[in-house]
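Engineer: This structure is in structure tokens; I'll ask about it shortly.
Derivation of every value follows stated rules applied to the coordinates shown; laboratory data play no part. The structure presented is a predicted model; accordingly, all values stated were derived computationally and were not measured. Note: ideal-geometry Cβ built from the backbone for every residue, glycine included; neighbour counts use all protein chains shown.
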Amino acid sequence: MNKITRILLSAMLSSSLFVFNGEAKASSFSDITNHWAKEEMEYLVQKGIIGGYADGTFRPNEIVTRAQAAIMIGRAKGIPGEQPVDTRFPDVPASVTGSGYIHELELIDVLTGFGDGTYRPHQPVNRGDATVHLIRSALAPSDQQPYPENPFTDVSLSQLSGPFVIIAYHNGIVDGFADKTFRPYEPITRAQFSVFLSRSLQKIN
């Protein structure tokens, strides 16, 4: 995937108001008709966890930010995070969309910040961190020991997300690419996140 540019991030932020607008039904999105993750995206739309944009698109290839991931995970868990709140993170005041969910998920150790005390809500969330969040939120199995065989050439137990990725893979939550990589540091797309999250929900239901 190409490096995320400032232009892309700016566009994401300017349109973030519509990312979780669930008014449009999944079947009406003009850009997912033949998409490989259509079923999973529709599943989350029907549950009110994710929505589309005002122009009737879903934009499956758009990158998910850390704030957006918190909103979706929070909604999936049924956490009451819609109310804005000043969090302990200096860069997540009540004015940041998703602040309530970030606050609630940080309290239960699902989400963490960076060494400098920031959360960086508008930064893309990568595939590895997304998997960690799902397991820490109990939306994916986390009690499998010892760690099963590692199927990915670019994932190791020494990586923060490594053990979580391996467990999630063997429980049918995440998958990788044809070249046997998982690409844990690659930003996750709305389609990919929808697949991981919908599988997690269906596993625990």
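Engineer: Calculate the spin-label point distance for Asn61 paired with Gln83, positioning each point 7 Å from the Cα along the beta-carbon direction, and give it in nanometres.
Structural biologist: Result: 4.2 nm between the two label points.
Engineer: A follow-up question, please. So if each residue of separation counts as 0.36 nm, and I subtract the Cα-Cα distance between Ser158 and Asp91, what length gain in nm does that give?
Structural biologist: That pair, Ser158 and Asp91, stretches by 21.2 nm at full extension.
Engineer: Find which of Tyr185, Gln123, Phe152 sits farthest along the positive direction of the dipole of the stretch 70-205, computed with +1 on the beta-carbon of Lys and Arg, -1 on that of Asp and Glu, about the Cα centre.
Structural biologist: Final value for the positive-end residue is Phe152.
Engineer: So how far apart, in nm, are the two label points at Thr118 and Asp179 if each is 7 Å from Cα heading toward Cβ?
Structural biologist: In this crude spin-label approximation the distance works out to 3.1 nm.
Engineer: Listing Ser95, Ser137 from the residue with the fewest other Cβ atoms within 10 Å to the one with the most, what is the order?
Structural biologist: With the sparsest Cβ surroundings first, the list reads Ser95, Ser137.
Engineer: Name the shape class, rounded, prolate or oblate, that the alpha-carbon gyration tensor gives for the stretch 103-155, where a ≥ b ≥ c are the square roots of its eigenvalues, rounded holds for a/c under 1.5, and otherwise prolate holds if a/b is larger than b/c and oblate otherwise.
Structural biologist: oblate
Engineer: Let me ask another. Under 15 Å Cα-Cα from Lys47, which aspartates and glutamates qualify once same-chain neighbours fewer than 8 residues away are excluded?
Structural biologist: Glu23, Glu39
Engineer: While we're on this one: Suppose every Lys and Arg Cβ carries +1 and every Asp and Glu Cβ carries -1, with no other charges. What dipole size does the stretch 65-123 come out with about its Cα centre, to the nearest 20 debye?
Structural biologist: 180
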